[in-house]
Structures are given as C-alpha cells and as structure tokens.
Amino acid sequence: MDFLESEEHTLLRKSVRKVAEKYGHEYYARESQSGGKADALWKELAGAGFLGINLPEEHGGGGLGIYELAIVCEELAGVGTPFLLLIVSPAICGTIIARYGTPEQRAMFLPGLCTASEKMAFAITEPDAGSNSHDIATKATRDGDGFRLNGTKYFISGHDEAENVLVVANTGAAKEGGRPRLSLFVVPTRSEGLTAARIPVEIQSPEKQFTLFFDNVFVPHNRLIGEEGSGLKQVFTGLVPERITGAALANGLGLYALAKAARYARERKVWGDVPIGAHQGIAHPLARAKIEVEQARLMTSKAAWLYDNGLDAGEAANMAKYAAAEAGLAALDQAIQTHGGNGMATEFGLADLWGMARLLRTAPVSREMVLNYVAQHSLGLPRSYGEPR
Ligand SMILES: Cc1cc2nc3c(=O)[nH]c(=O)nc-3n(C[C@H](O)[C@H](O)[C@H](O)COP(=O)(O)OP(=O)(O)OC[C@H]3O[C@@H](n4cnc5c(N)ncnc54)[C@H](O)[C@@H]3O)c2cc1C
C-alpha cells in the first residue's frame, strides 16, 4: 500500500493549478454572474488534455483513470474555479459511452468528449420520479428505425452548452406491472421537439440549469447506447465516477476555503498585536475542518483507486461523496466565519461559492440516498422505502 502520490500525479496537480490560477476565482465569478461559460479557461484546460484525461487514448483522450480526472476536479475547485460539467461530460457520459458504446458510437461521440471540444449533458432526474430512478416516466417508444421520446427532465446542467444530452428513458416493463426497463439515448440538444427552459438557481457557476421537454423527439436507433432495457446497469457504471468527481470537487472547495481562512487568520489582528488565528475559537474549528477535508480526500482516493483497478467502488464512492460534501461545506462555512463581515464581501471570494458547496450535499446524489445505500449495503439494514416491484 502506497499513500504517496506519484511524481506524475504531483506534476498533473501543479499543471492544472497553474492554468487555473492564471484565471482565478475572480474570472470565474465574473463569468458565472454575467452568464458566461468560462470558455477561455475551459479551452485552455482542454487544449492541455486535462478534460478528457480519463477517456481512451485511441479517441484522443488521456488514457488514464478517474483518479486523474478527480485530481483535475480537485485542483480546479482548489483555485475557486470548479466546473460541474466535468462530473457530467467526461465522468458520467464519457465513461458510459466508452464502456457500452459500439465501435461506431465510440468513434462518433468520444473524440469530441476526449478533447472537450464537445460537451455532453446528462438527464436522469425528473420532476415526479426524483430520487427514485425506477419511476422514470420519460418514455421511448419504437418508431421505424428509431425511437420517439416523450417526457420531462429537470435540473439538467449545461444543456445550453452541450451538443448532446445522454437521456435515461423508460422503454417499457418486461412484464405487466413490472419495473420499467430503462435505456440510454444520446440525443442532439438541437433536436426537433426538444425544448429547454432555464431554472433560476442560487448557485454561481458557468453551468446553467434547465428543464427539458421532449415532445415526440425522434432518436435514430444508432443513438441507443448498449442494450435496450439495460440502462440502469449502464447508468450505475457512470454513477461511481460521478460520485468520485463530485467528492473531488467538494474537497477542492474545502481546500480553497481553508487556505483563504488560514491566511486571513494569520494576518488579521483585532486585539492588539495577536492575529485572530491565535485564538482557539478560530484555530480549532479550522483545524477540525482540515481534518475532515483530509479524511474525505483519503476516502475519495480509495474510491478512485478501487474503480481504476476494476474493483467494486460503489460503497467507497458513496462514502467519499458524503464525507466530502459535508467537509467541504463545513470548511467553507468556517472560512466565512473566520473572515467576520468580510466573509460576505464579494472581494473575498467565499460566500459566492456557498450555493455550489451546498449543492453537493443534494447532488449528484443526495446525502439521504447515500445514507440509505450505506444502511442497506454496508450494514445490512432493511430497506424502508419503495420495495422493488
Ligand atoms: C444545480 C443542480 C444540478 C443538477 N444537475 C443534474 C444533471 O445534470 N442531471 C440530472 O439528471 N440531474 C441533475 N440534478 C438533479 C439532482 O441529482 C437531484 O436534485 C437530486 O438527486 C435529488 O433529487 P430530487 O431533487 O428529485 O429530490 P427528491 O427525490 O424529491 O428528494 C427530496 C428530499 O427527500 C430526500 N429523500 C428522497 N427519498 C428519500 C428516501 N427514500 N429516504 C430518505 N430521504 C429521501 C432527498 O434526499 C431530498 O433531501 C441537479 C440538481 C441541481 C440542484
């Protein structure tokens, strides 16, 4: 067992950070507030090969793993420039297509994702089904050499900047009254019959949120990923990378907040010549937050290592996401407190990240659904809700 990061990983961290620092949190906040996409930063990261680092080399990706993509996510958030679309486009969509796409589909979709010149959104959540993916109502019905999609998805990040959206749809139950069988479709975002309505949210990020309405949207058969009806199994393949990169993003936010808080606590003096960091009322909560962020980082590394080694990473990825979301949020909260009134000042670049840090407790998977998973899978406790049909 080796807990030391390799030279290559250290170099990757430094290289990502160097690019992100050129832009910094001020650029990110300005772009997010003005409706920009932080394109210049995205393009420079893409050009350096960081955004498709986990995707196959044969299609232009880095040929590395989720550990490396998690480094990219953490370092970006560590500079105050987190991208939600990294969780979606290379981590979920890229992983699923690389694993289940036919050679033609891989050749069609992966090169754009590998170079990050194209983005893919991901649509599973629905207004009525919520956390219960078994109740997905968006229907895909066969029509000639394809399918017709009808239904509604909501909180779909980055739909406006993506060329395609990977949609989880219901292709009918195997037997009367049985569970719906889900299938995955890569749908062009500009398809006829597909409309999007922006959802205003209190999160400052370059990615905007949308409700998607599918009104008889035609999707050719060659855009069905994997086997019809096996969508849920395929989605799970993408959800482990989703949780790991979500955790890495939260860890990065925690580190960003703690670095700012520690600097401020070392410099700010309000009782004579003693910096506020000398008071244990300031030092201890920051120390506790640091411990919690480092614990979360350790669990995130473990989850990524298990995944990249082809081992079952479900439990570790869920635990990492839980720990990181809680630790990142607590660190940001304490950093704001450490700054006193300045914690709310735009100039200090903390309070505007609150929405993003708070989001990670709810998405990509909610705190409660992780607790349900651990209660059932790790502790063998009975499931208290939605017994399988
Ligand atoms: C900014 C943002 C971006 C998002 N991006 C995407 C995206 O790109 N693609 C996408 O598909 N989705 C996306 N989502 C959706 C997100 O994944 C869901 O909001 C999240 O999974 C929770 O689902 P829900 O909102 O339907 O809550 P609900 O399922 O309605 O749950 C409401 C509350 O009840 C709790 N709860 C539900 N069931 C149980 C239970 N059995 N036991 C205990 N507690 C329970 C939940 O944890 C939650 O706290 C995004 C959401 C946001 C806010």
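From Gly226, Gly246, Gly238, grab the single residue that is small (Gly, Ala, Ser), within 16 Å of the ligand (Cβ to nearest atom) and touching a Leu at 6+ places or on another chain (Cβ under 7 Å). After ruling out the rest, the residue left standing is Gly246.
Only one of the numbered conditions (1) under 30 Å from Arg30 (Cα atoms); (2) open to solvent by less than 60 Å² (accessible area, probe 1.4 Å); (3) more than 19 Å from the chain's Cα centre (by Cα) is not met by Thr195, and that is (2). Hey, any hits in segment 94-109 for a residue that's of a type in the set (Asp, Glu) and crowded, with 17+ Cβ neighbours inside 10 Å? No - not one qualifying residue is present in segment 94-109.
If you check Gly277, Gly281, Gly252 for being open to solvent by less than 10 Å² (accessible area, probe 1.4 Å) and small (Gly, Ala, Ser), only one passes: Gly252. Tell me which residues, restricted to segment 110-120, are away from the ligand (no atom under 16 Å from the Cβ) and surrounded by 22 or more Cβ atoms within 10 Å (Cβ to Cβ). Once the filter is applied, which keeps residues that are away from the ligand (no atom under 16 Å from the Cβ) and surrounded by 22 or more Cβ atoms within 10 Å (Cβ to Cβ), segment 110-120 yields Leu110, Cys114, Ala116. If you go through segment 198-210 and keep only what is within 9 Å of the ligand (Cβ to nearest atom) and surrounded by fewer than 16 Cβ atoms within 10 Å (Cβ to Cβ), you end up with Ile199, Val201.
Scanning segment 360-389 for residues that are over 25 Å from Leu86 (Cβ atoms), within 10 Å of the ligand (Cβ to nearest atom) and surrounded by 13 or more Cβ atoms within 10 Å (Cβ to Cβ) yields a count of 2.
Taking segment 129-166 as the range and being free of Cβ contacts under 8 Å to residues at least 12 places away in the same chain and touching an Asp or Glu at 6+ places or on another chain (Cβ under 7 Å) as the test, only Ala129 passes.
Exactly one residue out of Ala287, Ala327, Ala357 is away from the ligand (no atom under 16 Å from the Cβ), within 18 Å of Gly78 (Cα to Cα) and surrounded by 17 or more Cβ atoms within 10 Å (Cβ to Cβ), and it is Ala327. One residue stands out among those in segment 231-249 that are at pLDDT below 95 and of a type in the set (A, V, I, L, M): the one that is surrounded by the fewest Cβ atoms within 10 Å (Cβ to Cβ), which is Leu232.
Residues in segment 109-129 include at least one that is closer than 30 Å to His25 by Cβ, out of contact with any strand residue (DSSP E or B) (no Cβ under 9 Å at 6 or more places or on another chain) and of a type in the set (A, V, I, L, M).
Condition check ((1) open to solvent by less than 10 Å² (accessible area, probe 1.4 Å); (2) within 11 Å of the ligand (Cβ to nearest atom); (3) among the β-branched types (Val, Ile, Thr); (4) out of contact with any Phe, Trp or Tyr (no Cβ under 9 Å at 6 or more places or on another chain)) across all residues:
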| position | (1), (2), (3), (4) |
| --- | --- |
| His134 | no, no, no, yes |
| Ala137 | no, no, no, yes |
| Thr141 | no, no, yes, no |
| Gly144 | no, no, no, no |
| Asn150 | no, no, no, no |
| Lys153 | yes, yes, no, no |
| Ser157 | no, yes, no, no |
| Leu166 | yes, yes, no, no |
| Gly172 | no, no, no, yes |
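Which residues, taken from segment 116-144, are among the hydroxyl-bearing types (Ser, Thr, Tyr) and out of contact with any Leu (no Cβ under 8 Å at 6 or more places or on another chain)? Of everything in segment 116-144, those that are among the hydroxyl-bearing types (Ser, Thr, Tyr) and out of contact with any Leu (no Cβ under 8 Å at 6 or more places or on another chain) turn out to be Ser117, Thr125, Ser131, Thr141.
Scanning for something part of a helix (DSSP H, G or I), within 10 Å of the ligand (Cβ to nearest atom) and either among the acidic types (Asp, Glu) or out of contact with any strand residue (DSSP E or B) (no Cβ under 8 Å at 6 or more places or on another chain) (or both), does segment 81-101 turn up at least one residue? For segment 81-101, residues part of a helix (DSSP H, G or I), within 10 Å of the ligand (Cβ to nearest atom) and either among the acidic types (Asp, Glu) or out of contact with any strand residue (DSSP E or B) (no Cβ under 8 Å at 6 or more places or on another chain) (or both): present. The single residue among Ala162, Ala123 that is within 13 Å of the ligand (Cβ to nearest atom), closer than 20 Å to Met369 by Cβ and open to solvent by less than 60 Å² (accessible area, probe 1.4 Å) turns out to be Ala123.
Taken together, the residues in segment 207-263 that are among the polar types (S, T, N, Q), part of a strand (DSSP E or B) and either closer than 30 Å to Asn309 by Cα or out of contact with any Ser or Thr (no Cβ under 7 Å at 6 or more places or on another chain) (or both) amount to 2. Between a first residue in segment 234-256 that is farther than 29 Å from Thr102 by Cβ and a second residue that is of a type in the set (D, E, K, R) and assigned to a helix (DSSP H, G or I), which pairs have beta carbons less than 6 Å apart while being 6 or more apart in sequence or on different chains? Pairs found: Ala247/Lys321; Ala248/Glu74; Asn251/Glu74; Asn251/Arg297; Gly252/Glu74. Within segment 265-310, which residues are over 30 Å from Gly238 (Cα atoms) and part of a loop (DSSP other than H, G, I, E, B)? Arg268, Gly272, Asp273, His279 - these are the residues of segment 265-310 that are over 30 Å from Gly238 (Cα atoms) and part of a loop (DSSP other than H, G, I, E, B).
The values are calculated or read from the model by the stated rules, or taken from the named source; none is laboratory data. Model, not experiment: these values are computed from the prediction. Positions of Cβ are backbone-derived with ideal geometry, glycine not excepted, and every protein chain shown enters the neighbour counts. We work out accessible area using only protein heavy atoms, side chains counted, and drop any ligands, DNA or RNA first. Shrake-Rupley method; radii C 1.70, N 1.55, O 1.52, S 1.80 Å.
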